[in-house]
Amino acid sequence: MEKFSRGSELENPLSKIVSDTALWIRNEAVNFDSASVEFKGRNDLVSDIDRKAQEMLVVKLAKLMPGSGFLTEEDITEDEIKEFTWVIDPLDGTTNYVHGLPIFSVSVSLKLQDRVVMGAIAEPNLNEVFTAYLGGGARLNGRPIRTSKTVEIGSALIATGFPYRDFSQLGSYLELLNYFLVKTRGVRRLGSAAIDLAYTAAGRFDGFYEYGLNEWDVSAGTLILSEAGGKVSCWNDSPQFVTNKTILATNSHLHNDMLKVIRKVFG
């Protein structure tokens, strides 16, 4: 198995950077001004907190790995191709945060050329940090985690998210949701894809599906899940879930069964 040679060296510093930023976001909630919220779309919000958190992350990550590039949710990209690129979602779950719901996260991954080699997700209200590096396994607060052993859909607890830009397939999506609501133990919608992926990696969820996500939404979480023993694909079973804009992430045991249902509904 391939292994990122600098993973053990960078994991703890990255974990601290992501955790410190997430704690800052949590502490800023008491001073949060809803007037700072902008609408990228009806269901797609951005606040000053997103921007300030992103600035903090960029500064700290540039010091951790000088010369690296950045791909971020809030419009920081670099035309020059770098060997290493940080992929940042400074606040995944902005809508939750704006409305006072304590379910949000900070998600950061590191790519070596086009391959994700490290990831960290911090959920400050539970004081949890999920980390992984390629070939090094996945951890929650430093302790190894693995996906669940659930093998039947009828015994599964799964997660999903609702589209917030593209509603063209909403009818099919609701049909799929209806199926899983009836056939599983339950479907949860937390409002943070990074947390959904991290929870699937830790065995709290057995699977997760969504469409319309961006690279920064899933980059860290998919590596953490894969290193915990899970499987990730797009809905046509190829690994190109970033460009395809669809994602199915499972404990691996349920992957084929869930994929069959999704493909039956969406064709």
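Checking GLU78 against (1) at pLDDT below 95; (2) in contact with a Lys or Arg (Cβ under 8 Å, 6 or more places away or on another chain): exactly one of these is not met. Which one?
Going through the list (1) at pLDDT below 95; (2) in contact with a Lys or Arg (Cβ under 8 Å, 6 or more places away or on another chain), GLU78 breaks only (2).
Kindly check whether there is at least one residue in the stretch 69-76 that is under 17 Å from THR200 (Cβ atoms), in the same structural domain as ILE49 (by TED's automatic domain parsing) and surrounded by 16 or more Cβ atoms within 10 Å (Cβ to Cβ).
Scanning the stretch 69-76, I find no residue that is under 17 Å from THR200 (Cβ atoms), in the same structural domain as ILE49 (by TED's automatic domain parsing) and surrounded by 16 or more Cβ atoms within 10 Å (Cβ to Cβ), so the answer is no.
Here is a check on your reading of the model: is LEU61 of a type outside the set (Val, Ile, Thr), at pLDDT 95 or above and under 19 Å from the mean Cα position of the chain (by Cα)? Explain how you work it out, then say what you get.
Numbers: of a type outside the set (Val, Ile, Thr): yes; at pLDDT 95 or above: yes; under 19 Å from the mean Cα position of the chain (by Cα): yes.
Spelling it out, LEU61 is indeed of a type outside the set (Val, Ile, Thr), at pLDDT 95 or above and under 19 Å from the mean Cα position of the chain (by Cα).
Looking at (1) modelled with pLDDT under 95; (2) more than 19 Å from the chain's Cα centre (by Cα), which is the only condition LEU176 fails?
Condition not satisfied by LEU176: (1).
The values are calculated or read from the model by the stated rules, or taken from the named source; none is laboratory data. Keep in mind it's a predicted model, so treat the numbers as computed, not measured. Heads up, the Cβs are rebuilt from the backbone with ideal geometry, glycines too, and the neighbour counts pull from every protein chain shown.
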